[in-house]
1. Quick check for me: using +1 on Lys/Arg Cβ and -1 on Asp/Glu Cβ, what's the dipole size of the chain about its Cα centre, in debye to the nearest 20?
2. Cα centroid distance between region 200-237 and region 2-61, in Å?
3. By how many nm would the segment from residue 129 to residue 79 lengthen if fully extended, with 0.36 nm per residue of separation less the alpha-carbon distance?
4. For residue 94 and residue 273, compute 0.36 nm times the residue count separating them, minus their Cα-Cα distance, and round to one decimal in nm.
5. Rounded to the nearest 0.05, what FRET efficiency is calculated for residue 257 and residue 110 with R0 set to 22 Å and r the Cβ-Cβ distance?
6. Could you work out [θ]222 nm for the chain from helices alone, using -39500 (n - 2.57) per DSSP H run of at least four and dividing by all its residues? Round to the nearest 500 deg cm²/dmol.
7. If each residue's Cβ is checked for other Cβ atoms within 10 Å, how do 181, 268 rank with the fewest at the top?
8. Using a ≥ b ≥ c from the Cα gyration tensor of region 14-212 (square roots of the eigenvalues), is it rounded, prolate or oblate, where a/c under 1.5 gives rounded and otherwise the larger of a/b and b/c decides, a/b for prolate?
Amino acid sequence: MLLQQILNGIVVGASYALIALGLNLIWSITDIADFSQGGTYVFAAYAAYFMVTLVKMPFVAALLVGMVVGGVLSYLFERFLYRRWTGLSRIQLLCAIALFFLMANLAIRFWTAKPKIFPAYLKGSLKFAGVMLSYQRIVVVAVAAVLFVIVYWFIQKTKMGKAIRAASQDREAAAVVGINIHTVNSVVFVIGGILSSTAAVLISPLYSVFPAMGDLPLLKSLVVVILGGFGSVAGVLVGGFGLGLVEALGGVYISSAYQHGFAFIVLILVLLFFPKGLFGKV
C-alpha cells in the first residue's frame, strides 16, 4: 500500500512540476502570476480530446496539437494583453485572473460542464513488488523528465536561455546590453503554455476532461512555485514531487477529505522556516 501511494504521488507530482516550471519561468521574468495557464490547460485538453475522438488522430499527434494550442494561446495573451500593461503589475494580475475565469466559462459554453472521457492510449500495467503502475502513468513521469531536461538545457546552453537568465536577474540591465525583453517575455510564455498543455493532455486519459479541470492543478502548481522558490528548477522538482507525495500519503493515512488542503498546510509550514522557498534565489 505504501509503495503504491508513493508511485501515485510521483505521477501527480510530475504533472504539478511541469505546470509549475512554466509558471516559475513566467513569474521570475515578468513578475506575472499567470492564472491564465489554468485556462490554457483546459483548452489544450479539449483540443487533444477532439483530435482523438473526432479526427481519430493518434495520441502523440493529439498531444502535439495540444502543445501548439497552449503555446499559441500563451503567446497571444502576452503579446496583445499583458504587454499593453507592462509595468502595471496589478492590472496584469487582474487580466490573468479574468482570462482564467473567461476561459473556464467559454469551455462550459462551448462544451458543457459534463465530463468527457478521454480514450486510453496505452493499455496494461507494470507489476512489481506487489504494486501496479499503468503504462499511461509511466508515460506522464517519463515525458515530464524529458521536458525538464530539455528546458534546463535550453536555459543553460542556448543564446536565448542566457538572455532569459539575464532578464530574470535584472530586466533593465539586460535591456541596456541589447537583449529584447519583449522577445524574452514571449518565449517564456510560449514555454509555459507548452508545459501546462503537455501536463493537461497527459493527465486527461487518467481522469476526464471538463471545464474546471484546470482549477486545482493551477493552484497547486502556484504553491509548488512558492515552495521551491522563484527561479529554481530544482525547487520546482522538489516542490512538485514533494507535494504529490504529501497528498497521496496524507489522503490514505490521514483522510482523503482533506487531501486538497494538504498543499496549503505544507506551504504555510515551509514559509515559516524558508520565507524565500526551499531553493529561492531572489
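Read-outs: derived from the displayed coordinates by stated rules, not from any lab. Please read these numbers as outputs of a predicted model, since none were measured by experiment. Cβ atoms come from the backbone with ideal geometry, glycine included; neighbour counts cover every protein chain shown.
1. Values: 19 positive and 7 negative charges, 84 e Å.
Dipole about the Cα centre, nearest 20: 400 debye.
2. Comparing the Cα centres of region 200-237 and region 2-61, I get a distance of 6 Å.
3. Working: separation 50, 0.36 × 50 = 18.00 nm, distance 5.06 nm.
Length gained between residue 129 and residue 79: 12.9 nm.
4. On the way: separation 179, 0.36 × 179 = 64.44 nm, distance 3.00 nm.
Difference between extended and current length: 61.4 nm.
5. Numbers: r = 33 Å, r/R0 = 1.49.
Working from the Cβ atoms, E equals 0.10.
6. Details: 11 runs with 202 residues, N = 282.
Result for the chain: -24500 deg cm²/dmol, rounded to the nearest 500.
7. On the way: 181 18, 268 8.
So the residues, fewest neighbours to most, are 268, 181.
8. Details: a/c = 2.44, a/b = 1.48, b/c = 1.65.
Verdict is oblate for region 14-212.
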